[in-house]
Amino acid sequence: MSQQKKRLLILTPRFPYPVVGGDRLRIYQVCKALSERFSLTLLSLCETDAEMTMPLPADGVFDRVERVFLSRSRSYLNTLLALGSTTPLQVAYYRSSDFAKAVDRLMPEHDGVLSHLIRCAEYVKESDKPRILEMTDAISLNYERVRQLKNAGGLKAQIYRLESRRLLAYERRIVDAFDLTVLVSETDKVHLVGAQHDKVMVCSNGVALEHLPFRERHDSQPVIVYIGNMASVQNMDACLYFARDVMPLVTQRVRATFRVVGRISDGDAERLRAFPNVEVTGAVDGVAEAVEDARLGVCPVRLGAGVQNKVLEYMALGLPVVTSSIGLEGFEAQPERDLLVADTPKEYAEAISRIWDNDAMKEQLAINGHAYVNTHHCWLSRLAPMVDRIADVVVK
């Protein structure tokens, strides 16, 4: 461990290994970039015995790792106890006295602290050390969109509605408590604090191009893909919407199958398979292999906030993209050049039919999309301004 490096304590509500999924991927890449300038200590909550005992890879990112167990049953109790309060339920979910004690023990040894998401912000909001909040998304924006979507059903959607107002108030307060807050899109920043705020910066996501090889689609099959974790309300809503409202119009024009790739419960998989021309893979070992025969990728998200990593993954893999306007947030990609945008079932059907048998258009969208992610979403270049700002905060 270099004696010249300042020491930064990293707090995460979920163990970042293995590096899968949007939240884990982003905080891992942030820490990987920070490790070039800081000595990092990871303090993470874990909800399973497997996470508590998982061997760490020899990646050199963290000089020290500590884990604190928080059972799901305790988290559920925390949530129930918070129902009558103004505390966001997801903040209450991650409350742990053992974690708080570990934070208090470790803070004096460090020069600053970075909290990943608002779920860990409560532990250090009053610390006298430099504080950075890697908020990622304005979660209140996501919840507000669920609340406004009249046909969004299910228990999770009801919880989102309950959380909407208390989250916005909490997020705005917590931003003021930190020396620097980082969000992934300008839309999230404007929603929370307006366009001008000295203590809030925007740093979009990158993509690991080495794991997502570009592939030409000349011999593609009639497959439309969606990549995502179906445990999230926004992903499941997008897939149900596409299967129920969009695919009937698509199949009036072209012969196509809608393939859903990613972790999903048995019940949700059955709900999707009940629609014609839908297949569900569940969790896969490799995304590239699961979509290698696909013709295009879609991102029909109606909910959510921040940056949709699936759009970056499609572009990296050489898949032409049709996305909603919400799915375009946080990107500088140009519609009609790098991808197509649709917001109604009819618009999706028209965009897909434009691409379907047009080899020249498929190829040009794929080339332009791949060039866009290469130029704008390399992790190293994306995170460099954020690392510089954090260094300024910690060293000042």
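The values are calculated or read from the model by the stated rules, or taken from the named source; none is laboratory data. This one's a predicted model, so the numbers in the text were calculated from it and none came from an experiment. Note that we place each Cβ from the backbone using ideal geometry, even for glycine, and neighbour counts take in every protein chain shown.
Here are the numbers for this structure:
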| read-out | value |
| --- | --- |
| Criterion (within 23 Å of the chain's Cα centre (by Cα), over 30 Å from LYS310 (Cβ atoms) and not in a loop (DSSP other than H, G, I, E, B)) met by exactly one of LEU25, LEU45, LEU40, LEU9 | LEU9 |
| Residue count, region 104-121 (criterion: surrounded by fewer than 21 Cβ atoms within 10 Å (Cβ to Cβ) and in a helix (DSSP H, G or I)) | 6 |
| Pair list, Cβ < 7 Å and 6+ apart or interchain, from region 194-215 residues that are basic (Lys, Arg) to residues that are loosely packed, with under 11 Cβ neighbours inside 10 Å and assigned to a loop (DSSP other than H, G, I, E, B) | none |
| Those residues of region 51-103 which are under 23 Å from the mean Cα position of the chain (by Cα), in a loop (DSSP other than H, G, I, E, B), among the β-branched types (Val, Ile, Thr) and under 24 Å from LEU168 (Cα atoms), in sequence order | THR87 |
| Filter result for THR86 (of a type outside the set (Phe, Trp, Tyr) and either buried (at least 19 other Cβ atoms within 10 Å of the Cβ) or over 24 Å from ILE159 (Cα atoms) (or both)) | no |
| Qualifying position, being under 20 Å from ALA256 (Cα atoms), free of Cβ contacts under 8 Å to residues at least 24 places away in the same chain and not hydrophobic (A, V, I, L, M, F, W, C), among GLU363, GLU350, GLU336 | GLU350 |
| Filter result (among the charged types (D, E, K, R) and surrounded by 20 or more Cβ atoms within 10 Å (Cβ to Cβ)) within region 351-365 | LYS362 |
| From the options VAL307, VAL301, VAL394, residue that is touching a Gly at 6+ places or on another chain (Cβ under 6 Å), farther than 30 Å from SER35 by Cβ and of a type in the set (Val, Ile, Thr) | VAL301 |
| Some residue of region 343-355 being more than 21 Å from ALA243 (Cα to Cα) and either at pLDDT 95 or above or touching a strand residue (DSSP E or B) at 6+ places or on another chain (Cβ under 8 Å) (or both) | no |
| Residue, farthest from HIS370 (Cα to Cα), within region 274-324, restricted to residues that are exposed (fewer than 15 other Cβ atoms within 10 Å of the Cβ) and aliphatic (A, V, I, L, M) | ALA274 |
| Complete set of residues in region 354-370 that are part of a helix (DSSP H, G or I), out of contact with any Asp or Glu (no Cβ under 8 Å at 6 or more places or on another chain) and of a type outside the set (S, T, N, Q) | ARG354, ILE355, TRP356, ASP359, ALA360, MET361, LYS362, ILE367, HIS370 |
| Among (1) part of a loop (DSSP other than H, G, I, E, B); (2) modelled with pLDDT of 95 or more; (3) out of contact with any Leu (no Cβ under 9 Å at 6 or more places or on another chain) - the single one ASP128 does not satisfy | (2) |
| Region 189-206: number of residues that are modelled with pLDDT under 85 and closer than 28 Å to GLY369 by Cα | 2 |
| Test: residue in region 222-240 that is more than 23 Å from VAL19 (Cβ to Cβ), of a type in the set (Val, Ile, Thr) and in a strand (DSSP E or B) | yes |
| Any hit, region 251-273, residues being assigned to a loop (DSSP other than H, G, I, E, B), surrounded by 14 or more Cβ atoms within 10 Å (Cβ to Cβ) and not aliphatic (A, V, I, L, M) | yes |
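So that you can scan it fast, the table gives a plain yes or no per residue for (1) surrounded by 16 or more Cβ atoms within 10 Å (Cβ to Cβ); (2) under 30 Å from LEU9 (Cα atoms); (3) modelled with pLDDT of 95 or more:
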{"site": "TYR94", "(1), (2), (3)": "yes, yes, yes"}
{"site": "SER97", "(1), (2), (3)": "no, yes, yes"}
{"site": "ALA102", "(1), (2), (3)": "yes, yes, yes"}
{"site": "THR136", "(1), (2), (3)": "yes, yes, no"}
{"site": "GLU144", "(1), (2), (3)": "yes, no, no"}
{"site": "LEU162", "(1), (2), (3)": "no, no, no"}
